[in-house]
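Enquirer: Questions regarding the structure given below will be posed in turn.
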4 protein chains.
Amino acid sequence: MAGSSFGELFRFTTWGESHGPAIGVVVDGVPSRLPLAEPEIQHWLDRRKPGQSKFTTQRQEPDRVEILSGVFEGVTTGTPISLLIRNEDQRSKDYGEIKDLYRPGHADFTYDAKYGLRDYRGGGRSSARETASRVAAGAIARKVLGPEIKITGYLVQIGSDSIDREQMNLSLIERNSFWCPDPAAAERWEQQLLTIRKSGSSVGAVIEVVAEGVPAGWGAPIYGKLDQDLAAAMMSINAVKGVEIGAGFEAATLSGEQNADEMRMGNQGVSFLSNHAGGILGGISTGQPVVARFAVKPTSSILSPRQTVDRSGRDTDILTKGRHDPCVGIRAVPVGEAMMACVLADHFLRHRGQVGG
Amino acid sequence: MAGSSFGELFRFTTWGESHGPAIGVVVDGVPSRLPLAEPEIQHWLDRRKPGQSKFTTQRQEPDRVEILSGVFEGVTTGTPISLLIRNEDQRSKDYGEIKDLYRPGHADFTYDAKYGLRDYRGGGRSSARETASRVAAGAIARKVLGPEIKITGYLVQIGSDSIDREQMNLSLIERNSFWCPDPAAAERWEQQLLTIRKSGSSVGAVIEVVAEGVPAGWGAPIYGKLDQDLAAAMMSINAVKGVEIGAGFEAATLSGEQNADEMRMGNQGVSFLSNHAGGILGGISTGQPVVARFAVKPTSSILSPRQTVDRSGRDTDILTKGRHDPCVGIRAVPVGEAMMACVLADHFLRHRGQVGG
Amino acid sequence: MAGSSFGELFRFTTWGESHGPAIGVVVDGVPSRLPLAEPEIQHWLDRRKPGQSKFTTQRQEPDRVEILSGVFEGVTTGTPISLLIRNEDQRSKDYGEIKDLYRPGHADFTYDAKYGLRDYRGGGRSSARETASRVAAGAIARKVLGPEIKITGYLVQIGSDSIDREQMNLSLIERNSFWCPDPAAAERWEQQLLTIRKSGSSVGAVIEVVAEGVPAGWGAPIYGKLDQDLAAAMMSINAVKGVEIGAGFEAATLSGEQNADEMRMGNQGVSFLSNHAGGILGGISTGQPVVARFAVKPTSSILSPRQTVDRSGRDTDILTKGRHDPCVGIRAVPVGEAMMACVLADHFLRHRGQVGG
Amino acid sequence: MAGSSFGELFRFTTWGESHGPAIGVVVDGVPSRLPLAEPEIQHWLDRRKPGQSKFTTQRQEPDRVEILSGVFEGVTTGTPISLLIRNEDQRSKDYGEIKDLYRPGHADFTYDAKYGLRDYRGGGRSSARETASRVAAGAIARKVLGPEIKITGYLVQIGSDSIDREQMNLSLIERNSFWCPDPAAAERWEQQLLTIRKSGSSVGAVIEVVAEGVPAGWGAPIYGKLDQDLAAAMMSINAVKGVEIGAGFEAATLSGEQNADEMRMGNQGVSFLSNHAGGILGGISTGQPVVARFAVKPTSSILSPRQTVDRSGRDTDILTKGRHDPCVGIRAVPVGEAMMACVLADHFLRHRGQVGG
C-alpha cells in the first residue's frame, strides 16, 4: 500500500517536507481514555530538537506540537490523533544553489529518478526533519504501553570508538551530549567530534535501544515477527544502514553452546541466564529485555568538495554549505526509542487482538 | 493484519508445519502471461533441499512442488498461484521426548507463552522447513523480474572466518559446499565444519545477496523504503539476527568523505564511483547493485546438554538428538536470494503502479 | 494489496479454479486452542454443496475438506490453517466449445480484457466454486465467535415474489429447497422454479442474513465500519448486485421519526424499540441483531441463444449447455452466512485489539 | 488495520472532529508531476459546502482548504499530500445539553459502548463534517484519473418519489437545489422538502453516481473487485444504508434473458447492448459506464421528541434543536462522486501495477 504509514493496529502516517509550511503525523488505532496532552508529546520532541548541543545542527526549530484531533477533555477518544508541527526556520535561500545538483549520499538523485522532480529545499521529504513526526508518534505509543515498559536508547559507538560495556551506566546518558552510558567514551567522543566538526567532516555511529518490561508472547510467527518489524522500523530511519537484534552480527561468530540462552526457574517464572537472543525467539518476545541496535552512516553534507553530476548530465563538484550535524547518529537516539515504542505498541494491540488478555 | 503474508502487490502467504501433511504458499498479484511450470520452481527448491551436502541436515525430503492454481496452458493467469509441497520424511517419534521441554535458542518457550500450546514435532511452524515456501515464491518472483535482474547469494563468513574480498569470484560459488566465492575460505570452512560437526556443536554465518540490473527508481520514501523491506524480509528468516545494506555497520566507522558515493556521467547515464550505499539512497534504488547482508546465528540444536526448564516449571537439562545442520547459514543462501527476489518483484509492481512505465 | 485475501486480523486467502486440481483457503490470525476438526467444517460445506436439490446444479462434488496445517491434537495452534478441497467432477470437455466466446453476464470478456487470457474451463477463477472456500473459512469464523453468536441466512425473495414477513418462521428454513422462512412462499417458489428450469431460463433472488448476539461496540468509525465491511463482503460474492443493512433502500422512503430506533432501559441494559439500523450505528454494533441483505442476479447461463462476440472480434450467438442452477441465489445462502461470520470474527479481534476485553 | 484510511495504492487517511480545531486528510500514493493547486480542490469542496441552499444546514463554513505538503512548484511530488480545513463556526454551546443523552439514529450510544466516552460536540468524529475530507481527496483522485474519466452524481429519489428516467437530462443537475436530472421531479421535491422542513422532520434519498470513460480491465477477481470496493466506499459514507451496482436489487426480479447484457462488435471494439451489469463483470470493468447507487436514511436530527436513555441509564426524551438538513442525501452527492473517484484512482494504479500499461 501507499508508503507513508507504519504499523498495523497502532498505525501512524507522516507527511510534510523540510521547508513546507508544516510537517505532521496522524496516529490511528490508539485505545481510548488514555490521558494525553501536548506537553507530554513536547517532552519527547524536545529531546530530539536540533540546536541544543554543539554537535547537532544549529537550525533553530521550536518544534511546537499541536494536537488537532482525537483527544477530548484530556483523554484519547479512540479516533485518529492528528499532530502538527509548523516549520518556522526555513531559509529556503540556503538551498537554491544545489537545486540542480545531486548531492552524493543524499536522495537527490533517486527521488529525481523515480518522480521526475524533487523538492530540493533542505531535502524535502527525505529530510531528517520527518523524524520529528516519529518521535511524536512514539510519545503516544509510550502512553499505550504504559509505565511498566521502559525504553532507553543510547550511543554505543561513534566512528570506530565503542563504549566499554563494563563501564556502562544508563543513568549517565542524559549527562553528556551523546546519550552515552560510558563517561570515558563520552569524553573521547567530545574530542573526536570537535576535530571532525572543525574539518567540516562527519562520522557515523551505532545506537542501541532497549525495552524492559515487555512480557513474553508479543510478536507472531514468520511474517509478523517482532524482530522483523523492529528491523523495518529502524531501517526506515534516515541514514540507517544496518540493524541487529541481541547478539546481532556477533552471533555469526558464536558456537551453539555460547549462543543458546539457558533457562532456569526463577521467582517470577522462567529466567534466562543470558540474552543473546535480544529478548526475541521465533519472532516472539521472551520476557527478557528487547535489544535492538542500528548503524547510522556519516552525514553526507560535508565541507569537502565531492564529484557529482547535475540534472542536465554534466560532471561537476559539490560542497555542502549551511548548518549540519557532524554526527546525525546523536539525534537518532530519540528516534530509535520512538520506533521501538511504536513497534511494541502495535504488537501489544495485535497480540491482544488474537490472544486476548 | 494476520502475520503469515509478505509483500503488498506481489504478496505471498505461507502455511504449514514441519511434521504436518504438507507445507505450501499462495502467491498473489503475479502478472499474467508469464510462462511457468513446476520444474522452474523445482530448480530453486533443489538448491535449498536438505541432504545434499555433508554439512546440512540428513533429513531426506524430495520437496516436490505441485502447482495447484493460477497457471493455465503453461502461463500465469493473474490469479493466485497455490504451491504445495508434501512432507514425506516426518519421523515424529524423534521429537516426542522433547515435547515438554523448552529447547534454548528455539521458539518452544515463546510459542507456548503466546498460544498456550505448541506443535512440538520438529518445531512445527517455527521449523526452517517453512523457508522452502519462500524459495518457491522466490522462483515466481524471478519470473516477474525477468532475466535482466540477476540475484546471487553466497556466504561471506562462517564463525569468525571471513572471505578475502580480493579473492572473490562469484563463478565459484556452486563449486563448493558453502556457496563460497573464495576458494581458500571454502577449504578452511570445510575443515572447521568437520570439527564442529564431530563435536556436535554449531556455528553461525553471514550471507550476502546481490541483485544486479535493478533500475534506478524502485522503492519509495519513508515507510515504503526498499531497504526497509529488505531488512524485514531478511530478518523474518529463521535464525537471522542482523541485516545490513551496503557498507552496513561499517558505515558507522567511515567519514562522510569516505562514505559518499561520488558520481560521474558514464555512457549509460549516471555512474557511481563506489557503492557504500548498497544501491539504495533515501529508500530508492540508485541503479547500482543492491547489496544486502544478514547474520545467521548458530543452530540451537547441539549435542551438549544445556540447562532449561520444562512446561511444568521444573529445572532440567536438554540435549538435542537427531539430524541437524552444524551451520544453518549454508541453507539460508537460497532463502536470502528468494527474499531479495520477492522484495524486488513487489517494488517493481508498486513502482509501476504509482509511476507507470 | 493483492486481491485474494479478505479481512484484517481474521484474514483468509482463497485460491483455485473451477477445473484445476483443487481449490483452497488459508485462514490466518485464528486464536489458539479452539477445538477444530474436519467434520465441523464439512458440516457447513455440505449445506452449500451442489447436487442436493432439484433447483441447484447437478454437478456432483463431494467437496471433501482436508485440514493441512494450523491444527494440532484437535485444537488450533494460532498459526495459519490451510484447507484444501479437491476438484473431482471436472468434465473439462463440456467447456471447450465456449473457449473463444464471451458469455454475456459472465466474466469471460473482462478477464480477457485485463489479463490477455482466461481459464475458460467452467469460469476458472470466476466460478462460484470459489465460494466453497468462503464457507470453509466461515466455519472457522464461527468457532472464533463462539456459540453466543447465531448467524442465520435465508431467502426473502425470488424474482418479484417476496416472503410475507408476518409469516416468517426461521425454524422452517431447513425444511424446503430454498432456505425459505415462509412456507407459503416456498410453495409458490417451487412452482415458479419448475417453470423456469423447464424453459432453460433463470431468475434472481434476495438473501437476508441475521447475526444475533453481537455485543454493542464492534466495528469502528469511518473506514473501519462494520457495515462497510459487510457491504464489501457481500458484494464480493459472485453475482451479487446490491447490499443493504437494516431498512436498506427502504430507509430512503422513511421520515426521520419513522427511521429513528428509539431506546428504553431494559433488564439487560439499553433496549431498542425497532431495528431500522440493522444493528449498526456509526459503523459500530448496537447490540441488536445485525441484519444484512443482498441481491443476486439471475444465472447468466441460460438455454436461449444470446448475441455475443468471440475473441477474434466476430459477432456470433451463444447458448449455454450443461448443468446449471436456475437460481444461484439459493446456494448463496450459506455463502452469505459465512461472510457474515468472517466479518464479525475479524471485528471481534480488531475490537479486542484496540479496546481490550 | 487501523480504520481511518481508505484505498490501497491511492490511499487517504482522514482525521478530525466536527468541533475540534480542524479536520483534514492525508492522500498518499499520488503519482508525481500532476498540476495541483488549492483552488482545484476548493472547487469541489464548494459544491459540498453547507449553507448554500435552503435545504441544507445553515451552518456557515468557509471550508477553506490548505495544502500543507506533497506539492512543489505547482505539481505533485509523489509524496503524501496533507490537506487541512479549519473549523470556524463551531458553536459548541449548542451541543452541551445533549452530552449525556443518546440521540436515536446517531452514533452516540455506540461510540460510548465502544470507547467509554464520546466527543459529544456536533457528533465529534461521527459528524458528516468528515465527508469534506473525502471530497478533498476525491478532487485529487480526479487529477489522477485525468479528464477522460467523467464522474457525475445526482439524486434519483427523495422519499418515495423517484425521477422519471425518460426525462433524465444530466445537463440540468446543477440548475436546481437537488442535483436532480428530472426538472419535474425537482419541482415536486421542492414542495416536499418545504413541508418537511417546516414540520421539523426529515426524509431519505437515493443517489446515483456514474463514471464514464473507465476502460475495460480495471478491478480484480474475488476480493479485489471494483464493485466490492465501491460498495465499501459508499457504505462508509454517513447515513448510507444500501448500495447497488447497475440493476442492483432489481436484478433479483429479472430473468437471465433480460439481465444478460448482449454484445456486438462496434467501431471501438466490443459494444454492449444494455448495462444491467453497471459496467462491472466478475469484479472487473467492462468499458461501459460504471453505475453505483446508494440510499441515505433520513436525518436523525428532528424536532419531534423521541424516546431515549441517558448515560446513567435513565429513560428520557430528546428533541434535537439547532441547524440541520431535512435531507442529508442532497449533500451526499458530491461525497458519492468523490468516493467513486477515489476507488477508480486506486484501481487504476493497482491495475497498472499488476498488468502494466
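Enquirer: Work out the P(r) tail for the protein assembly as shown: percent of alpha carbon pairs separated by more than 69 Å, whole number. Please report the intermediate quantities before stating the final value.
Expert: Working: 49846 of 1018878 pairs.
It works out to 5 percent of all Cα pairs.
Enquirer: Averaged across the residues of D:262-269, what count of C-beta atoms belonging to other chains lies within 10 Å of each residue's C-beta?
Expert: On the way: counts 8, 13, 5, 8, 1, 0, 0, 3.
Mean shielding count: 5.
Enquirer: Now, a different point. For A:THR76, enumerate residues with amide H under 5 Å from its amide H, sequence gap 5+ or separate chain, H modeled in the peptide plane.
Expert: A:ARG33, A:LEU34, A:LEU36
Enquirer: A further question follows. Compute the FRET efficiency between D:ARG311 and C:ASP100 as 1/(1 + (r/R0)^6), taking r as their Cβ-Cβ distance and R0 = 56 Å, and round to the nearest 0.05.
Expert: On the way: r = 66 Å, r/R0 = 1.18.
Calculated transfer efficiency: 0.25.
Enquirer: With the full set of protein chains in place, find how many percent of the accessible area of the protein assembly as shown is carbon and sulfur; take the probe as 1.4 Å.
Expert: On the protein assembly as shown, the fraction of accessible area on carbon and sulfur atoms equals 48 percent.
Enquirer: From the backbone phi of region C:155-165, what are the Karplus-calculated ³J(HN,Hα) couplings (6.51 cos²θ - 1.76 cosθ + 1.60, θ = phi - 60°) in whole Hz, Gly and Pro given as x?
Expert: With coefficients 6.51, -1.76 and 1.60, one gets 7, 10, 7, 10, x, 9, 9, 9, 6, 8, 5 Hz.
Enquirer: Suppose R0 equals 35 Å. What FRET efficiency, 1/(1 + (r/R0)^6) with r the Cβ-Cβ distance, do C:ARG264 and A:GLU40 give to the nearest 0.05?
Expert: On the way: r = 41 Å, r/R0 = 1.18.
The formula returns an efficiency of 0.25 here.
Enquirer: How much accessible area does B:SER304 have with a 1.4 Å probe, in Å² rounded to the nearest 10?
Expert: In the full protein context, B:SER304 sits at about 40 Å².
Enquirer: On each of the three principal axes of the Cα atoms of region B:187-241, give max minus min coordinate, whole Å, ordered largest first.
Expert: Answer, in whole Å and largest first: 48, 23, 10 Å.
Enquirer: Could I ask something else about it? For D:SER202, enumerate residues with amide H under 5 Å from its amide H, sequence gap 5+ or separate chain, H modeled in the peptide plane.
Expert: Residues meeting the amide H criterion: C:GLY256, C:GLU257.
Enquirer: Rank C:THR308, A:THR316 by accessible area, highest first, at a 1.4 Å probe radius? Intermediate results must be reported in sequence, preceding the final value.
Expert: Working: C:THR308 0, A:THR316 45 Å².
Accessible-area ranking of C:THR308, A:THR316, largest first: A:THR316, C:THR308.
Enquirer: While we're on this one: May I ask you to rank A:GLU244, C:GLU73 by accessible area, largest first, using a 1.4 Å probe over the protein chains only? Spell out each step's value before the answer.
Expert: Working: A:GLU244 20, C:GLU73 135 Å².
Per-residue accessible area, sorted high to low, gives C:GLU73, A:GLU244.
Enquirer: Whose amide H sits under 5 Å from the amide H of B:ALA220, counting only residues 5 or more places off or on another chain, with H placed in the peptide plane?
Expert: Distant-sequence amide H within range of B:ALA220: B:LYS225, B:LEU226.
Enquirer: To continue, here is another question. Could you give each residue of region D:168-184 its phi-based ³J(HN,Hα) in whole Hz, using Karplus coefficients 6.51, -1.76, 1.60 with θ = phi - 60°, and x for Gly or Pro?
Expert: Result, rounded to whole Hz: 5, 9, 5, 6, 9, 5, 8, 9, 9, 7, 10, 6, 9, x, 10, x, 5.
Enquirer: Probe of 1.4 angstrom, ligands and nucleic acids ignored: what's the accessible area per residue over region D:277-335, in square angstrom?
Expert: I get 29 Å² per residue for region D:277-335.
Enquirer: Moving on to the next point. Could you derive backbone 3J(HN,Hα) for region D:33-46 from the dihedral phi with the Karplus parameters 6.51, -1.76 and 1.60 (θ = phi - 60°), listing whole Hz in sequence and x where the residue is Gly or Pro?
Expert: Karplus values, whole Hz, x for Gly and Pro: 6, 8, x, 7, 9, 4, x, 5, 7, 4, 3, 6, 4, 5.
Enquirer: May I pose another question? Can you give the local net charge around D:ALA233? Use residues other than it whose beta-carbon is closer than 10 angstrom to its beta-carbon, Lys and Arg +1, Asp and Glu -1.
Expert: -1
Enquirer: Please compute the contact order of chain B in relative form: average sequence separation of alpha-carbon pairs under 8 Å and at least six residues apart, divided by the residue count, as a percent. Walk me through the numbers on the way to the answer.
Expert: Values: 733 pairs, mean separation 77.7, N = 357.
Rounded, it is 22 percent for chain B.
Enquirer: Enter the mean number of other protein chain beta carbons within 10 Å of the beta carbon of each residue in D:173-183, as an integer. The partial results should precede the final answer.
Expert: Working: counts 0, 0, 0, 0, 0, 0, 0, 0, 0, 0, 0.
The shielding value for this peptide is 0.
Enquirer: For the interface of chains C and B, what total accessible area is buried with a 1.4 Å probe, rounded to the nearest 100 Å²?
Expert: On the way: alone 17160 and 17140 Å², together 30890 Å².
Separately minus together, C and B give about 3400 Å² buried.
Enquirer: Measure nothing but the geometry: give the 0 to 90° angle between the long axis through the Cα atoms of B:131-145 and the longest principal axis through the Cα atoms of chain B, rounded to 10°.
Expert: 10
Enquirer: Another question, then. Taking 25 °C and 0.890 mPa s as the conditions, I'd like the Stokes-Einstein D for chain C in µm²/s, using the Kirkwood hydrodynamic radius from alpha carbon pairs. Write down the numbers at each step before the final one.
Expert: Details: Rh = 21.4 Å.
Rounded to a whole number, D works out at 114 µm²/s.
Enquirer: Per DSSP H run of n ≥ 4, the term is -39500 (n - 2.57); total these for chain B, divide by its residue number, and report the mean residue ellipticity at 222 nm rounded to 500 deg cm²/dmol. Please report the intermediate quantities before stating the final value.
Expert: Numbers: 7 runs with 88 residues, N = 357.
Roughly -7500 deg cm²/dmol at 222 nm, from the helical runs in chain B.
Enquirer: Same structure, new question: Evaluate 2.2 N^0.38 Å with N set to the residue count of region A:159-207, then give the Cα radius of gyration divided by it. Display every interim value, and only then the final one.
Expert: Numbers: Rg = 11.0 Å, N = 49, 2.2 N^0.38 = 9.7 Å.
Normalised Cα radius of gyration, region A:159-207: 1.14.
Enquirer: Taking the Cα centre of the protein assembly as shown as origin, sum charge times position over the Cβ atoms of Lys and Arg (+1) and Asp and Glu (-1), and report the length of that vector in debye to the nearest 20. Don't jump to the answer; show the numbers that get you there.
Expert: On the way: 160 positive and 168 negative charges, 0 e Å.
The dipole of the protein assembly as shown has a size of about 0 debye.
Enquirer: Moving to a separate point now. Can you send over the solvent-accessible area of D:TYR223, 1.4 Å probe, protein chains only, in Å² to the nearest 10?
Expert: Roll a 1.4 Å probe over it and D:TYR223 shows about 10 Å².
Enquirer: Quick one: accessible surface of D:ARG11, probe radius 1.4 Å, all protein chains present, in square angstrom to the nearest 10.
Expert: 10
Enquirer: Note the distances from A:SER274 to each other copy's matching label point, with points 7 Å along the Cα-to-beta-carbon direction, in nm, sorted shortest first.
Expert: Distances to the matching label points in the other copies: 3.5, 7.2, 7.7 nm.
Enquirer: Where does each of C:TRP179, C:TRP15, C:TRP44 land when they are ordered by accessible area, with a 1.4 Å probe and the largest first?
Expert: Numbers: C:TRP179 35, C:TRP15 10, C:TRP44 55 Å².
Order by accessible area, largest first: C:TRP44, C:TRP179, C:TRP15.
Enquirer: Another one. Enter the mean number of other protein chain beta carbons within 10 Å of the beta carbon of each residue in C:278-289, as an integer. Show your work: numbers first, answer last.
Expert: Working: counts 2, 1, 4, 13, 15, 9, 9, 3, 4, 3, 0, 0.
Mean number of neighbouring Cβ atoms from other chains: 5.
Enquirer: Can you grab the distance from the C-alpha centre of region C:1-46 to the C-alpha centre of region A:181-251, Å, no decimals?
Expert: 40
Enquirer: Next up: Would you mind putting D:141-149, C:272-280, C:101-109 in packing order, based on average other-beta-carbon counts within 10 Å, highest first?
Expert: Values: D:141-149: 18.1, C:272-280: 21.8, C:101-109: 25.1.
The most tightly packed comes first, giving C:101-109, C:272-280, D:141-149.
Enquirer: May I ask for the Rg/Rh ratio of region B:259-333, computed from Cα atoms with Rh as the Kirkwood radius, given to two decimals? Present the calculation step by step, with values, prior to reporting the outcome.
Expert: Numbers: Rg = 23.1 Å, Rh = 17.0 Å.
When Rh is taken as the Kirkwood radius, the ratio is 1.36.
The values are calculated or read from the model by the stated rules, or taken from the named source; none is laboratory data. Here the structure is a predicted model, which is why all the values come from computation and not from measurement. All Cβ positions, even for glycine, are placed from backbone atoms using ideal geometry, and neighbour counts span all protein chains on display. Quick note on the areas: whole protein, heavy atoms, side chains included, nothing else; ligands and nucleic acids left out. Shrake-Rupley method; radii C 1.70, N 1.55, O 1.52, S 1.80 Å.
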